[in-house]
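The block underneath contains the structure these notes are about, expressed in structure tokens.
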Amino acid sequence: MPRLRPSRLLSRVMLGWALVVLSTVFLILIPVVWLLPLNGAVKGSLTAAFAIAGEVTFWPGAAMLGFEFAKRFRARLNPLRLIRGRRNSTASTASPGSDRATAPVDSPAGGSPPRG
């Protein structure tokens, strides 16, 4: 990839951010459409149009912002991050060398203690 002059690089970054912000606006408008007094077919069409417009504006903007932006964005959207971030009560039963907790012996197969 050829090196860009600083002014062209800045305009590319600004355009990338503008596209990402515009895609966010499109995606925020989707629930707003359902609050409007419109026909169901019109609501469905507008929802689809806003969803497509949001995707079409987001990905070129992300490409203009570069690999680091995409990497951070994907890391924040990873659903496993939410699961790994939680601390469960069985974490103390894990052996010191392992990174995964094991369920206590007296708990059911699901790993959670019985309620009662």
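Put the Cα centre of region 23-40 next to the Cα centre of region 50-86 and the gap is 21 Å.
As a rough guide to protection, the peptides 42-55, 66-79 ranked by mean Cβ packing within 10 Å, highest first, stand as 42-55, 66-79. Within region 12-75, the proportion of Cα pairs with more than 13 Å between them is 63 percent.
Each value in this text was obtained by applying a stated rule to the coordinates, not by laboratory testing. What you see is a predicted model; the values in this text were computed from it and never measured. All Cβ positions, glycine included, derive from the backbone under ideal geometry; neighbour counts span all protein chains shown.
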